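The values are calculated or read from the model by the stated rules, or taken from the named source; none is laboratory data. Just so it is clear, the structure is predicted and the values come from calculations on it, not from any experiment. Note that each Cβ is placed from the backbone with ideal geometry, even for glycine, and that neighbours are counted across all protein chains shown.
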Amino acid sequence: MRLHVLYFARLRERFGVAEETLDFAGTTAADLVAVLQARGGAWAEELGGGRAFRVAVNQDIVALDAALPDQAEVAIFPPVTGG
Amino acid sequence: MRIVVQSDAFDLGAEVDAMRQGRTDIGAIASFVGLARDMNDGSGVAAMTLEHYPGMTEKALARLVDAAASRWTLLDVTVIHRVGRLLPGDPIVLVAVAASHRGEAFAACEFIMDYLKTQAPFWKKEETPAGDRWVEARASDDAAAARWNQP
């Protein structure tokens, strides 16, 4: 399936990319995180378990076991700090 | 219901007046204004920049207001959150809740702010003497939101 993936705030800066389109062979948000983490460097540091992050699918925050629909907009970002 | 994400400043008085305009059923309006501080985590803050997730932000704020409206009887709600670069003393966020009585207005205003802090996709980056830094989420904010789920 094809996914549109967005990164925000610290993650956008550390990854050096704001958005990308990915061909994805997995099923869940956790599968996508594993693919990204395998890129190494900042990807492994941020998504490898040491730091908290959130995943939203089609603009709703989901748990990592959530299934990803084809053409989904998936966003990965740090815990929010507004207000 | 009025939900706005904007870079411009807002005027609390004008927003409250707009809520009251032409109606006589409102008995209470509770409001909260959050401001940018000049100090955080032990260092001076010269400015902050607020980033958000356009599209999701508005949805997340609408969901918070809907959750409050399903919990209390509310007559109107305004939420305004600024984005972009803000200086110490600048207003960041406004929540105003109109209800028949003060109890609902106070409670819903606090509920919306507590959930906004943990659910709405905004991020703050501070300019400090040691360089720029992203603000880290606080466990105390999660605890503040979680207490609304207790029986």
(Q) Please count how many residues of region A:42-83 are more than 11 Å from the chain's Cα centre (by Cα), within 11 Å of chain B (Cβ to nearest Cβ) and not aliphatic (A, V, I, L, M). (A) 8
Q. Within region B:114-126, is even one residue free of Cβ contacts under 8 Å to residues at least 60 places away in the same chain and of a type in the set (Asp, Glu)?
A. yes
Q: Mind telling me which of the residues B:Asp41, B:Asp17, B:Asp25 ends up being exposed (fewer than 12 other Cβ atoms within 10 Å of the Cβ), within 13 Å of chain A (Cβ to nearest Cβ) and not small (Gly, Ala, Ser)?
A: B:Asp41
Q) When residues of region A:8-19 are filtered for being out of contact with any Lys or Arg (no Cβ under 8 Å at 6 or more places or on another chain), free of Cβ contacts under 8 Å to residues at least 60 places away in the same chain and part of a loop (DSSP other than H, G, I, E, B), how many remain? A) 2
Q: Starting from region B:50-64, take each residue that is within 7 Å of another protein chain (Cβ to nearest Cβ) and list its partners that are surrounded by 20 or more Cβ atoms within 10 Å (Cβ to Cβ) and assigned to a helix (DSSP H, G or I), counting only C-beta distances under 8 angstrom and pairs at least six apart or across chains.
A: B:Glu51/A:Ala9
Q: Count, please, the residues in region A:20-51 that happen to be of a type in the set (Gly, Ala, Ser) and either modelled with pLDDT under 95 or touching a Lys or Arg at 6+ places or on another chain (Cβ under 6 Å) (or both).
A: 4
Q: Determine whether B:Ala137 is among the aliphatic types (A, V, I, L, M) and part of a helix (DSSP H, G or I).
A: no
Q | Single residue of B:Ala30, B:Ala46 found to be touching a Phe, Trp or Tyr at 6+ places or on another chain (Cβ under 7 Å) and either more than 14 Å from B:Val79 (Cα to Cα) or touching a residue at least 12 places away in the same chain (Cβ under 8 Å) (or both) | A | B:Ala30
Q: For region B:55-64, state whether one or more residues are under 17 Å from A:Val80 (Cβ atoms) and over 16 Å from the mean Cα position of the chain (by Cα).
A: yes
Q: Mind telling me which of the residues A:Val5, A:Val74 ends up being buried (at least 16 other Cβ atoms within 10 Å of the Cβ) and either out of contact with any helix residue (DSSP H, G or I) (no Cβ under 7 Å at 6 or more places or on another chain) or part of a loop (DSSP other than H, G, I, E, B) (or both)?
A: A:Val5
